[in-house]
Every structure is written in C-alpha cells, then in structure tokens.
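The values are calculated or read from the model by the stated rules, or taken from the named source; none is laboratory data. What you see is a predicted model; the values in this text were computed from it and never measured. Glycine also receives a Cβ, built like all others from the backbone with ideal geometry; neighbour counts cover every protein chain displayed.
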Number of protein chains: 2
Amino acid sequence: MKVNVETLSDLSIAKNAKMQPIRKISDELGIPEDAVEQYGHYKAKIDPTKIAVKTNLGKVVLVTAISPTAAGEGKSTVTVGLADAMKKIGQSVVVALREPSLGPVMGVKGGATGGGFAQVLPMEEINLHFNGDLHAITTANNALAAIIDNHIHQGNELQIDPRRIIWKRVLDMNDRALRHITIGLGGPTQGIPREDGFDITVASEIMAILCLAKDLSDLKERLAQIVIGYTYAKEPVTVRALGVEGALTLLLKEALKPNLVQTIEGTPALIHGGPFANIAHGCNSIIATKTAMNLADVVVTEAGFGADLGAEKFMHIKSRQGDLSPDAVVIVATIRALKMQGGKQKDLLKEEDVTALLKGTNNLEKHIDTIRAFGIEPVVALNKFFTDTTAELNALLSWCEERSIAIALTEVWEKGGAGGVELAKLVLNELEKPSNFAPLYSVSDTIEQKVRTIVQQVYGGKDVVFTDAAKKQIDQITAYGWDALPICMAKTQYSLSDQPKLLGRPTDFTITVREVIPKLGAGFLVCLTGDIMTMPGLPKKPAALNMDVSEDGSAIGLF
Amino acid sequence: MKVNVETLSDLSIAKNAKMQPIRKISDELGIPEDAVEQYGHYKAKIDPTKIAVKTNLGKVVLVTAISPTAAGEGKSTVTVGLADAMKKIGQSVVVALREPSLGPVMGVKGGATGGGFAQVLPMEEINLHFNGDLHAITTANNALAAIIDNHIHQGNELQIDPRRIIWKRVLDMNDRALRHITIGLGGPTQGIPREDGFDITVASEIMAILCLAKDLSDLKERLAQIVIGYTYAKEPVTVRALGVEGALTLLLKEALKPNLVQTIEGTPALIHGGPFANIAHGCNSIIATKTAMNLADVVVTEAGFGADLGAEKFMHIKSRQGDLSPDAVVIVATIRALKMQGGKQKDLLKEEDVTALLKGTNNLEKHIDTIRAFGIEPVVALNKFFTDTTAELNALLSWCEERSIAIALTEVWEKGGAGGVELAKLVLNELEKPSNFAPLYSVSDTIEQKVRTIVQQVYGGKDVVFTDAAKKQIDQITAYGWDALPICMAKTQYSLSDQPKLLGRPTDFTITVREVIPKLGAGFLVCLTGDIMTMPGLPKKPAALNMDVSEDGSAIGLF
C-alpha cells in the first residue's frame, strides 16, 4: 500500500489502527494480574510495587535531538519507531514516554504521542485527560495554595509573609490572563489580598517531584520539603510546617502509578509524568523508567527539547536521583530543521538547499560533542520527511561518515518499526559496549561552578554572569545549606545560548542567570535565564476551534 | 456481632468490606461487555448507548429530606440502605447517586457516599478523583474561560464587553481567596485586565448541563447555547458564537458516561454528576437515572438538601427535561434534626426532649404537604441515631400514625439493608399505586408566576418580592425570549424561607429575589435569594491536616 504522507493525519492513522486489549500487552510483559488496573479497554495503571525486581536491569536508550525549530524534529516519533524496530528484530523492549499536557492541545495543533505509523495509542485519550495524572497534580498543587491562603486568613500562626509566597496556583490550560492576578479581594471574609499568578500544571514543582520520586514514601518526603515562601523574618516555610504532606500524597497516590498503553505495532509503552524541560527537568518519571527496566531488556525513553536541555538534565538530575544512566543516546535530526539552523527561512524549507543544510550541521555537531563529553558515543537518527531530496540526505549521511558518526536514515513516520531497523541495529551495537558515562559536575561544586560547567561544556558558551539578584539568592541558598543540589537550567530551547534567535552553534557567548530558585522537593536549583514562560497563551485561531466529536463518540480535529 | 456505633469510622467499615469485581456487578445487571470500561478493579464507566432500551422502564424512588441542620439527616445513607433493602427482599434495583465534590472533602470531615453499613465503595476513590468527571468539567469550564479572554486579547471580533462577562473560572477546591480577583494584569502581552472570580466546579453551568443532557449531541447543543456574557451593545454572546462547543464536547465525552460501583452489600450503584442544589438543580444525571431505569425494576435516587430545594427541582427541572417522574418519594428525618428544627441547641441534642421534637415536626409536615401537592404520597424514613430514646422514637411514630403518614424506622447505618426492609416494603406499596404526579407550574407561566408558585406552594411563604435589578433582568430575559424556562431557585437550604435561622415551618414570610440569571445551556433561570456562596472556604483546621496514606497505599483520615 502506498501511503500518501502529505494528506494522512495522525488522528486518522490512529483511528484505523487495531489495538490489542491492554491485558494482552501486560500479560506478554509478565505483569502480574493484581498489578494491573485497567482504565477502559486499552489503558491501565501499573502498580510498580507488585513488579518483581530483576537482577539484570534493562538497558536505557535516551532519545534526544538537535535544538528544536518550528520545522519539527519528530523526537517522540523516532522514540516510538525505534522501540517498534527493536521489537521487530526480536528485542524485549518497552518505550517510556512523557505524558502530554492538555492545555497546549487546545492551542496549537500537534500532539506528544508520536506521529504517522509511529504513535502510541489510544492517542486521543492520551492527549486529553489520559488517566487523570495531570488533574491530580493540578488538584494537589491548588489544594496546597488554598491551604496557604487559608492559613494566613485564619490567623497566620506561621507568620507567612503574603508578599513572599512563591507557591503559585496551576491549571492545565494555556491561559495568559492568569499569569498576573490579584486574589483575596472583596473584604475581610474573602481572604488576604495579594499578588499571585497561575502556571501551567506541567510547570508545578509537584510534577517534577512525581517524576523524581522513588516510591510513595519518597513522594511524601519530597512534598514535605517544598518551600512555599518565607516568613516576615525571611525564614523558609515548608509544606511540613503546614502539615499537609499526607493530604497531598493522598491526592497523588494513584497518579504515581505508571500508565501502560501500546504503540500502533503493539509494543508496550509506559507513559508517565511530563515536567517542563525549561523550568523543570523534562523527563518521564523515574518510577516508569525503573518499572520498564524491570520488564524489558531495552528501554527507549526521551527527554524534552534538545540535548542541551532535556539530555543534560537526564544526565545530571534524573540519572543521579534515580540511580540509573543512559547506555546509549540517539540524537534526532531532520534535513528541514538543520536547514533552519543553517539560516533557511521556514516558508522556503521545501526548496533543496545543501549549503544551508551543511551550515546547520554545526548545531548537530555541538550536541554530538556534548553527548561524547558525558562518555557516550551517540547515534544520529536522520528522521526522513517527504520533502527531503536525495542530494540533501546524501550530504548529511556523508557529513557523518567523514566524522565517524553513526547515522541511520529512519522512516518510522511512514513505515513504523520497519523504517527504524537500521537505527535499532546501530543502537544495539552501542549497547554492547561498556558504559563510560560520567556526569560533568559534582553536586558538591559551588552553584557558580556547576552553572559554569553546563554553560561551557554543554552550551559551548564562554562564561556565565549572575545578576546581583541572583548572587544574593545564591548567598541565601548557601546560607540555608541548600547549595549541594544539581542545577536545573531554565533556558530557551531554540538556541544553545540564552538568545532564542541565535541558531546553529554560537560561540563566545555569555549566559546571564537572573534568578536562582530552590526547588527542595524536586531536589534541584532552578537557574532562570532570559524570559521563561511558565503559562503559555492561546494563538489567534486556537486548535479548539476545529475540534468536535463524531456521532459514534470519537474525536474530530485532534491533530 | 455487636457494632460499636460510637467508635466505628465510615472509612474503617469501608476498608473492611469485601468488594466484588466490578465485572461481576455489571454481568449481573446484564450490561453487555462492550459497554463496560473498567477503571481499576472496582469501578467502571458504562456506555449508555450500548444498553438495550426496556419497554417497561424501572420505577423511580426519590429520596429527599427535611430541611438540613448541622445534626445531619443521613439522606445518602438512607438512599443506599433502601436500595440494599430492596435487593434483600428480592427486587431488581440500582441506586443512582450524585458524585462527591473533592474540594469540600479537604475542608470538613464528611463524605457523600453514605455511612456506616450503607455506603458505596470504593469510598476513598469515589470521594477523591473518582473517574475524572469533575476534572473534565473543570477543564471544559476553564478552556471556555481561556477562549473568551483570548478572543478579547486577539482583537475581540465579537465585541465582548469585558465588564459584562458572566462566565467564571472554576476549581474543585474550597478556596475563598479566588472569589474576587483581577486577571490579565502585567501589560499588553498578558491579556486584558478585568474583574473575575472562581466558583467551585459543581457550581459550573457545565455540571448542570452534563446532568441534564440526554446524549452527546444534546450535550453539544446545550454547550452551544451557554451565554458567556454580553457585547458592548448588550447583545448576548454564546459559546456557539465562539465556535468551541465541539471542543468542549470532546473534553466531556468520557465524563458523560455514568460510573458503576457497588454498595457494601453488592447492590449496583450508578454515581454520576453532582450539581450544587442551590445555584443549580442538585440531582444526579438524567443519563445515569435513565440507564438505571433500563437496567432494573426499581431505581433509588436522591436530590440535594430538603424537599423545598432538591425535590422541587427534581419535579420541575429534571423530570421535565428527562421525561421521567418519581413514582414514590421518601422523606428522611432524624430525631436529632427535628429537635433542632424545634429549637434545641446543637450541643444539647443528646438530651431526650420530646417537646422540642414535636415542635420540630412542623418542618417535616411542610415537606410532606409539598410532596402531596405534587400528587405523590410520601413515605417518611426515620433514620435512627444511637442517641435517640424510645420515648422520642415512639413520639414521632405516633405523630405520623395520627396523620396517616407512612413511616418506617430505618437502621441502615448500623445494619445495612436489613435495617431498611420495613421502609422498602412501604415504598413498594406506594410503587404499586398509579402515579398522580403533576408539576405545580407550567413553563409558559410568566417568570413572576412561576416563582410565586414555588414560594407559596413549596416554601409556604406569603409572596415574592423582586428587587429593581431582578425586575430589569426579567424584562431583558423576556425580551430575549428566554422566559419559557423552568425556575432554579438559589435559596438557603437551612430554612424554608430565605433567612437561614428561621427553622421549623415559618409562615407569612416573603422571599426576595435579587437576581435572575439565565442558564440557557442548562435550560433554566436561576433566581438568587439571600447570599448564595458559590466558592466555599476552608475552616481553621481543614480535614486535610489529618489525611495521610498508609504504607500499603490506602487512605488515612478520610472521614
């Protein structure tokens, strides 16, 4: 069958796919019956405490990408397709993905469940409410916010300074009007007036905590450690002081269980947790990854944005806290995106342009260098798009060959797992080699040293500058004894620098850290650079305008 | 086994109960396998479009109550216990309940899943996120709000007046600080500044719509009809004009399916929808009730607060829109609550006081008269509490006997279905009689006439007064042609009048309607009397402070 790749929608492909009952998928993985809680016919939650722990844990393949552009790289698509390809060549494999945020789905067309014939199913449910994890996080986050304002309203025993509350409310919605608000208006019975704002749910520290917690008791301990603000005497106020870590854990106990679904080709997929890759660490949950490592020999997972953001945080935050490390790394690149990195305009991307392509390879080159700096030899996945020309494809393949970089042309969008077999074989080859993985900094380095290491060795910049405000915060954090934590950089994903329009491989630049925010529950220090958006807005024509439900109850216009 | 009713908690009873797999419950009801979507082992969503329509629909027993007091009546407990008793005496029965709101659970101890040995299970999951229905409603409500503010921000093609937006955001949380807020602050890229506020999710018109919709296409049509505000030219702006009824329907399509669970005694329970009984109509969904009527011969359901609120709205709103009517009505009363109606202080309720009890019977008498006015002969359920004395119980039994009112002593909290057999038999007796049900007003009456009918015939008041503002709104509503809708009174539940402290059976009072709000999606006109709270606050010591999770993952401190 010839596929018309220009007209097929991801939703139509997903709808025509034949799913296996989820119990068949869980049985094939050897998951005991009492560990499986079905959510409908094709989704389940898995209780990780009921999965036997293996001696030889599965190996971890991390899929990352070049710096993202509007052209798209298809990182999730390649992640799913690679897992399907692994299955096709006889490997025992689980793909472990982040779960989508619902808010952006209402805004801009485009899901987080892969594309074409490399998708996870049921895509419409995964992209909408899924199994309620994000709703549980929203609820826990906002219960804490209500408890804080109620505490102040009811006498403020802890002497919380309303001007120094750093805990914001959240909604899983793109809603710019909630970024800056005033609350508690209307008189003495309506609370204490103060400035506030909403973030999108995936930016909540509770999302990061859920993704980094080892188990239920670790979740509770992390929740207790959250700093929600400061007293009038400038002492930190924690959730423990408010006494609601138990209630928040109760609200999150089901959300902590990974969700089992399947790819179009019936490969098992654990989809769980989806923290922002700018304000947070951008990886799926440690619990899901570990569960997958106990269920399969190969675990294919991904991290948000380019290797400078998601992969760096995977190496320095998730690996450390989860006691795991990637055994192989795949860097996804497309001809289109590399042409944009080389200066090609978005509306001219259909034109063949080998010059722009080769110019843009310097972005790919930097990400390769970065992964090598962690002691891992990456494999490049050239994710084919139907507008790519033979000359362009050959140019990139040669460029890699000349530099002894393993590269595979992947056609998983169009062909599913069959289009990723070459990539799978290259990855398996890397998995056979012993791991030389090592982080680039030690948590015992000073905050300044840790940030400098990231800027120089991961971004390729010259140096880092801290604003006076950031310096003061570093002094406070050090005084409180919170400095021995890993760094979570909040930086634009579009450039290796902190300037979104500086594409390719910029050099000689300086990164400015304007704020350092302790996230003690998550266990990292967020360093803000540039303008970081924690609540997106909707576009002029939101995707919601095209959505509908057919008479048989299935989705219309969802991608 | 002797039960110590003073020390047993509802949670401990629920935890010790042995549940059947939900598929066993659905099989026994004859629900086809493809209509059942399991949510874990003990909950399921039922697809009503896959249930065969019966010729002889099940009969509907509506459980209502005297005016509520702080002493509690146990209406949900009696509803569940009556269904268990029906099952015990061989009836084919389904209990159809409203689903709890999560926000209040964090505030004040007390659930909405019955009590003692008359509970629905799994109570902790039903009381927390359940199957995500309220989260879906929150999301749809707030997606609409974001679309409205985005529309204005992106050029305001519809010329929506930001001062005349009546669509509020919602959270399923008790959060007084969100009652009155200002949004869109921070400059030109952050939206349009305006006054706003959050309601609790159950007060959303979308909750009322979900409960009144017949099917998916009716849901969509009702969503399209919502009036979100007015233009600068004071013309109404609907969801249809914004073009997002399809997206909202998509967000709600799973929430529209009723949830199947079971009572402690394995009686099937459909729990679905839970609109406020003050600002909305306070009944479970029409779809769930109708589904139950197709699955069983007897359907036991309830309506919020006393017969003046929930039951009146069941008769005038739910019955009309759902083309159904109650075949029998149970009025729940307790000795304690009647003593409070008779003037007894809450902290002295343990004392025997037949005089206060008999004085308080006038409240019960009014609710009996009201149900009789609708053409139905009610049955009184005297819900026994362990502090009731023999003299008190006998006094109420005699009072009813003298007036030829059917009354049964029920002990379902302590004994489950066995404690409600007498009540069940009295109800079955009523079900054998032909129905003389008739509403008290016609929708074609004027708005003033309809409200006057409710005030005089249901509340027992002298007359109704409309403020100038309300009169102006009535003129506008009539001018727009929206007047031929039923009335949804928003009145305190504590008194038959609009003054919460006027207990018993007040007479000669006047009700003041201060605002008339069209809810075109729900299909009713809300008349506000007194101060109606649409966003509760948390108490000084929220219930959340006592909540926790045990090591095996089960809830602690949840009731």
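For the subset of region B:70-98 comprising residues that are surrounded by 24 or more Cβ atoms within 10 Å (Cβ to Cβ) and closer than 23 Å to residue B:539 by Cα, which member is modelled with the lowest pLDDT?
The extreme case among them is B:73.
Residues to consider are A:382, A:364; find the one that is under 14 Å from residue A:69 (Cβ atoms) and under 27 Å from the mean Cα position of the chain (by Cα).
Of A:382, A:364, the one residue that is under 14 Å from residue A:69 (Cβ atoms) and under 27 Å from the mean Cα position of the chain (by Cα) is A:364.
Among the numbered conditions (1) more than 30 Å from residue B:106 (Cβ to Cβ); (2) surrounded by fewer than 24 Cβ atoms within 10 Å (Cβ to Cβ); (3) of a type in the set (Lys, Arg); (4) in contact with a strand residue (DSSP E or B) (Cβ under 7 Å, 6 or more places away or on another chain), tell me where residue A:313 comes up short.
Condition (2) is where residue A:313 drops out.
Could you pull out the residue among A:408, A:303 that is without any contact (Cβ under 8 Å) to a residue 60 or more places away in the chain and in contact with a strand residue (DSSP E or B) (Cβ under 8 Å, 6 or more places away or on another chain)? Walk me through how you get there before you give the answer.
Numbers: A:303 fails: without any contact (Cβ under 8 Å) to a residue 60 or more places away in the chain.
On inspection, the qualifying residue turns out to be A:408.
When residues of region B:121-155 are filtered for being without any contact (Cβ under 8 Å) to a residue 24 or more places away in the chain and surrounded by fewer than 24 Cβ atoms within 10 Å (Cβ to Cβ), how many remain?
So the count comes out to 2.
Is it the case that some residue within region A:274-287 is at pLDDT 95 or above, closer than 21 Å to residue A:41 by Cα, within 21 Å of the chain's Cα centre (by Cα) and more than 14 Å from every other protein chain (Cβ to nearest Cβ)?
No - not one qualifying residue is present in region A:274-287.
Within 27 Å of the chain's Cα centre (by Cα), at pLDDT below 95 and more than 14 Å from chain A (Cβ to nearest Cβ): does that describe residue B:208?
On the way: within 27 Å of the chain's Cα centre (by Cα): yes; at pLDDT below 95: no; more than 14 Å from chain A (Cβ to nearest Cβ): yes.
Taking the combined requirement at face value, the residue does not satisfy it.
Does region A:428-453 hold any residues that are assigned to a helix (DSSP H, G or I) and touching a residue at least 60 places away in the same chain (Cβ under 8 Å), and which are they? Walk me through it before giving the result.
Within region A:428-453, the first condition is being assigned to a helix (DSSP H, G or I), and the residues that meet it are A:428-431, A:447-453.
Matches in region A:428-453: A:428, A:430, A:431, A:447, A:451.
Could you please find all residues in region B:364-399 being free of Cβ contacts under 8 Å to residues at least 60 places away in the same chain and either of a type in the set (Gly, Ala, Ser) or outside the structural domain of residue B:338 (by TED's automatic domain parsing) (or both)?
Those that are free of Cβ contacts under 8 Å to residues at least 60 places away in the same chain and either of a type in the set (Gly, Ala, Ser) or outside the structural domain of residue B:338 (by TED's automatic domain parsing) (or both): B:391, B:395, B:398.
Does any residue in region A:169-197 that is closer than 20 Å to residue B:192 by Cβ come within less than 6 Å, Cβ to Cβ, of a residue that is among the acidic types (Asp, Glu) and surrounded by fewer than 24 Cβ atoms within 10 Å (Cβ to Cβ) six or more places away or on a different chain, and which pairs are these?
From residues that are closer than 20 Å to residue B:192 by Cβ, the pairs are A:181/A:196; A:182/A:195; A:183/A:196.
If residue B:138 passes every condition in (1) within 12 Å of chain A (Cβ to nearest Cβ); (2) among the β-branched types (Val, Ile, Thr); (3) assigned to a loop (DSSP other than H, G, I, E, B) but one, which one does it miss?
Evaluating residue B:138 over (1) within 12 Å of chain A (Cβ to nearest Cβ); (2) among the β-branched types (Val, Ile, Thr); (3) assigned to a loop (DSSP other than H, G, I, E, B) leaves (3) as the failure.
Please tell me if residue A:478 is closer than 20 Å to residue A:303 by Cα and in contact (Cβ under 8 Å) with a residue 12 or more places away in the chain.
Values: closer than 20 Å to residue A:303 by Cα: no; in contact (Cβ under 8 Å) with a residue 12 or more places away in the chain: yes.
Taking the combined requirement at face value, the residue does not satisfy it.
I'd like to know if region B:13-21 contains one or more residues that are under 21 Å from residue B:290 (Cα atoms), surrounded by 14 or more Cβ atoms within 10 Å (Cβ to Cβ) and not aromatic (Phe, Trp, Tyr). Even if it seems obvious, please write down each step before you answer.
Let us first name the residues in region B:13-21 that are under 21 Å from residue B:290 (Cα atoms), namely none.
Within region B:13-21 (the criterion being under 21 Å from residue B:290 (Cα atoms), surrounded by 14 or more Cβ atoms within 10 Å (Cβ to Cβ) and not aromatic (Phe, Trp, Tyr)), the answer is no, since none of the residues qualifies.
Scan region B:250-265 and report the pairs whose first residue is more than 12 Å from chain A (Cβ to nearest Cβ) and whose second residue is among the aromatic types (Phe, Trp, Tyr), with Cβ atoms within less than 6 Å and a gap of 6+ or a chain change.
B:264/B:117
Within region B:248-273, can you find the residues that are under 24 Å from residue A:41 (Cβ atoms) and aliphatic (A, V, I, L, M)?
B:250, B:251, B:252, B:255, B:256, B:260, B:261, B:269, B:270, B:271
Is region B:184-202 home to any residue that is more than 7 Å from chain A (Cβ to nearest Cβ), crowded, with 24+ Cβ neighbours inside 10 Å and either out of contact with any helix residue (DSSP H, G or I) (no Cβ under 6 Å at 6 or more places or on another chain) or of a type in the set (Ser, Thr, Tyr) (or both)?
Yes, there is a match, as at least one residue in region B:184-202 is more than 7 Å from chain A (Cβ to nearest Cβ), crowded, with 24+ Cβ neighbours inside 10 Å and either out of contact with any helix residue (DSSP H, G or I) (no Cβ under 6 Å at 6 or more places or on another chain) or of a type in the set (Ser, Thr, Tyr) (or both).
Which residues, taken from region B:516-552, are of a type in the set (D, E, K, R), in contact with a helix residue (DSSP H, G or I) (Cβ under 6 Å, 6 or more places away or on another chain) and at the interface with chain A (Cβ under 9 Å from one of its Cβ atoms)?
Narrowing region B:516-552 to residues of a type in the set (D, E, K, R): B:519, B:531, B:540-541, B:548, B:551-552.
In the following step, the residues that additionally are in contact with a helix residue (DSSP H, G or I) (Cβ under 6 Å, 6 or more places away or on another chain) were identified as B:519, B:548.
Across region B:516-552, the qualifying residue is only B:548.
Condition check: buried (at least 24 other Cβ atoms within 10 Å of the Cβ) and either part of a loop (DSSP other than H, G, I, E, B) or in contact with an Asp or Glu (Cβ under 9 Å, 6 or more places away or on another chain) (or both). Does residue B:291 satisfy that?
Considered against the rule, which asks whether it is buried (at least 24 other Cβ atoms within 10 Å of the Cβ) and either part of a loop (DSSP other than H, G, I, E, B) or in contact with an Asp or Glu (Cβ under 9 Å, 6 or more places away or on another chain) (or both), residue B:291 comes out as no.
Which of the residues belonging to region B:266-277 are more than 21 Å from residue B:22 (Cα to Cα) and in contact with a Cys (Cβ under 9 Å, 6 or more places away or on another chain)?
First, pick out the residues of region B:266-277 that are more than 21 Å from residue B:22 (Cα to Cα): B:274-277.
Matches in region B:266-277: B:274, B:275, B:277.
Out of region A:114-167, which residues are charged (D, E, K, R), out of contact with any His (no Cβ under 8 Å at 6 or more places or on another chain) and closer than 29 Å to residue B:101 by Cα? Explain how you work it out, then say what you get.
Going through region A:114-167, the residues charged (D, E, K, R) turn out to be A:124-125, A:133, A:149, A:157, A:161, A:163-164.
If we keep only those that are out of contact with any His (no Cβ under 8 Å at 6 or more places or on another chain) as well, we get A:124-125, A:149, A:161, A:163-164.
Within region A:114-167, A:124, A:125, A:149 qualify.
If we scan region B:223-232, do we find a residue that is over 22 Å from the mean Cα position of the chain (by Cα) and free of Cβ contacts under 8 Å to residues at least 12 places away in the same chain? Please lay out each step first, then the result.
Pass one, region B:223-232, residues over 22 Å from the mean Cα position of the chain (by Cα): B:224-225, B:227-232.
This time we only want the ones that are free of Cβ contacts under 8 Å to residues at least 12 places away in the same chain, so: none.
Checked against the condition, which is being over 22 Å from the mean Cα position of the chain (by Cα) and free of Cβ contacts under 8 Å to residues at least 12 places away in the same chain, region B:223-232 yields no hits at all.
Could you grab me the full set of residues in region B:326-368 that are touching a strand residue (DSSP E or B) at 6+ places or on another chain (Cβ under 7 Å) and under 29 Å from residue B:438 (Cβ atoms)? Break it down stepwise before answering.
Within region B:326-368, the subset touching a strand residue (DSSP E or B) at 6+ places or on another chain (Cβ under 7 Å) is B:326-334, B:364, B:367-368.
Within region B:326-368, B:326, B:327, B:328, B:329, B:330, B:331, B:332, B:333, B:364, B:367, B:368 meet the criteria.
Consider only pairs whose beta carbons are under 8 Å apart and that are at least six residues apart or on different chains; among these, list those whose first residue lies in region A:38-60 and is under 12 Å from residue A:290 (Cβ atoms) and away from every other protein chain (no Cβ under 11 Å) and whose second residue is assigned to a strand (DSSP E or B) and hydrophobic (A, V, I, L, M, F, W, C).
Final answer for the pair search is A:46/A:36; A:46/A:260; A:46/A:270; A:58/A:94; A:58/A:298; A:58/A:299; A:60/A:299; A:60/A:328.
Residues in region A:314-342 that are under 18 Å from the mean Cα position of the chain (by Cα) and not in a strand (DSSP E or B): how many?
Qualifying residue count, region A:314-342: 12.
Among the residues of region A:169-183, what is the count of those that are aliphatic (A, V, I, L, M) and more than 7 Å from every other protein chain (Cβ to nearest Cβ)?
Let us first name the residues in region A:169-183 that are aliphatic (A, V, I, L, M), namely A:170-171, A:173, A:177-178, A:181, A:183.
From what is left, the residues that are more than 7 Å from every other protein chain (Cβ to nearest Cβ) are A:170.
Residues in region A:169-183 being aliphatic (A, V, I, L, M) and more than 7 Å from every other protein chain (Cβ to nearest Cβ): 1 in total.
Inspect region A:125-133 for any residue being touching a helix residue (DSSP H, G or I) at 6+ places or on another chain (Cβ under 9 Å), in a helix (DSSP H, G or I) and within 8 Å of chain B (Cβ to nearest Cβ) and give the result as yes or no. Step through it out loud before you land on a result.
The initial filter retains those residues of region A:125-133 that are touching a helix residue (DSSP H, G or I) at 6+ places or on another chain (Cβ under 9 Å), namely A:127-133.
Add one more test, that the residue is in a helix (DSSP H, G or I), and what stays is A:127, A:133.
After this cut, where a residue has to be within 8 Å of chain B (Cβ to nearest Cβ) as well, the list is none.
No, because not a single residue in region A:125-133 is touching a helix residue (DSSP H, G or I) at 6+ places or on another chain (Cβ under 9 Å), in a helix (DSSP H, G or I) and within 8 Å of chain B (Cβ to nearest Cβ).
From (1) farther than 30 Å from residue A:44 by Cβ; (2) facing another protein chain (nearest Cβ under 10 Å), pick out the condition that doesn't hold for residue A:166.
Against the list (1) farther than 30 Å from residue A:44 by Cβ; (2) facing another protein chain (nearest Cβ under 10 Å), residue A:166 comes up short only on (2).
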